[in-house]
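The values are calculated or read from the model by the stated rules, or taken from the named source; none is laboratory data. Computed from a predicted structure; not experimentally measured. All Cβ positions, glycine included, derive from the backbone under ideal geometry; neighbour counts span all protein chains shown.
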Amino acid sequence: MSRVIGARSMSLLILLSVVSLILFDARHHFDADLVTLKIKHQSAQRNWNLFYSQQQVFSAGSFRYERDFSEIAERITPGTSLLSDLATSYYAATYLPVFVMNIHRHQQGMARPQWHRLLHDRTACYLDVEANLWEFEKFLKLQEQAQAKNPHLQLRYVLLNKDHKNRNLGNDCFSLRHRHLQAPLSEIADLVYEGDFMNLYKVR
């Protein structure tokens, strides 16, 4: 009798565990904000699985940034350059008429010498260090001198993504340190837009 009770208890425990896992993963599927986004974008996705949840599709994507990007598009000069973290630079390339750069080292092969140094040393991630801020200002002056020949090479904007839920941002020091970058950026650039997720700075 005790064995039967024990077996049933174990079966019930396993069943409750499985149901709990399903409900935990399903909570994103019924999230009001995500449902609204899916309707807006006529998303055909209705299912989820253990390795590709609704959270990855929407919370770790660019859908929630559309309002910010719409506002930013009205404030930037088309054809100029913008610096951001890796993931946000890809989003910006889709939504904005600008050339995008990021501090990820995979871009080193295509970067010009001044950009190469800035990207390799990750100077932009640590502008709260005075020496790095000075180096960044020096870089901006070199870019200004090169503007006559290649206008799109001059860095005009810096875009900080403040979203703490997007896991795609978690591997980039520029995004992870965005709180530390706001003060030093204000010394060399003007905050022209402050949104729910994005801060846009225009270099002086």
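Just to verify a result, which residue in the stretch 45-99, among those that are at pLDDT below 85, hydrophobic (A, V, I, L, M, F, W, C) and in a helix (DSSP H, G or I), is nearest to TYR157 (Cα to Cα)? Lay out the reasoning, then the answer.
Restricting attention to the stretch 45-99, the residues satisfying the condition of being at pLDDT below 85 are 45-64.
Subset that is hydrophobic (A, V, I, L, M, F, W, C): 48, 50-51, 57-58, 60, 63.
Okay, now just the ones that are also in a helix (DSSP H, G or I), so 57-58, 63.
Details: VAL57: 28, PHE58: 26, PHE63: 22 Å.
Looking at the filtered set, the residue picked out is PHE63.
Considering each residue of the stretch 134-154, count those that are modelled with pLDDT of 70 or more and in a loop (DSSP other than H, G, I, E, B), and give that number.
Of the residues in that region, 1 qualify.
Here's a check for you: in the stretch 68-97, which residue that is among the hydroxyl-bearing types (Ser, Thr, Tyr) and over 16 Å from VAL192 (Cα atoms) is surrounded by the most Cβ atoms within 10 Å (Cβ to Cβ)?
Residue satisfying both the conditions and the ranking: THR88.
Give the residues of the stretch 67-86 that are within 16 Å of ASP190 (Cβ to Cβ) and touching a helix residue (DSSP H, G or I) at 6+ places or on another chain (Cβ under 9 Å), sorted by residue number.
Selection gives ILE72, THR80, LEU82, LEU83.
Given the conditions (1) modelled with pLDDT of 85 or more; (2) among the hydrophobic types (A, V, I, L, M, F, W, C); (3) assigned to a loop (DSSP other than H, G, I, E, B), and given that VAL158 satisfies all but one, which numbered condition is not satisfied?
In the conditions (1) modelled with pLDDT of 85 or more; (2) among the hydrophobic types (A, V, I, L, M, F, W, C); (3) assigned to a loop (DSSP other than H, G, I, E, B), VAL158 misses (3) alone.
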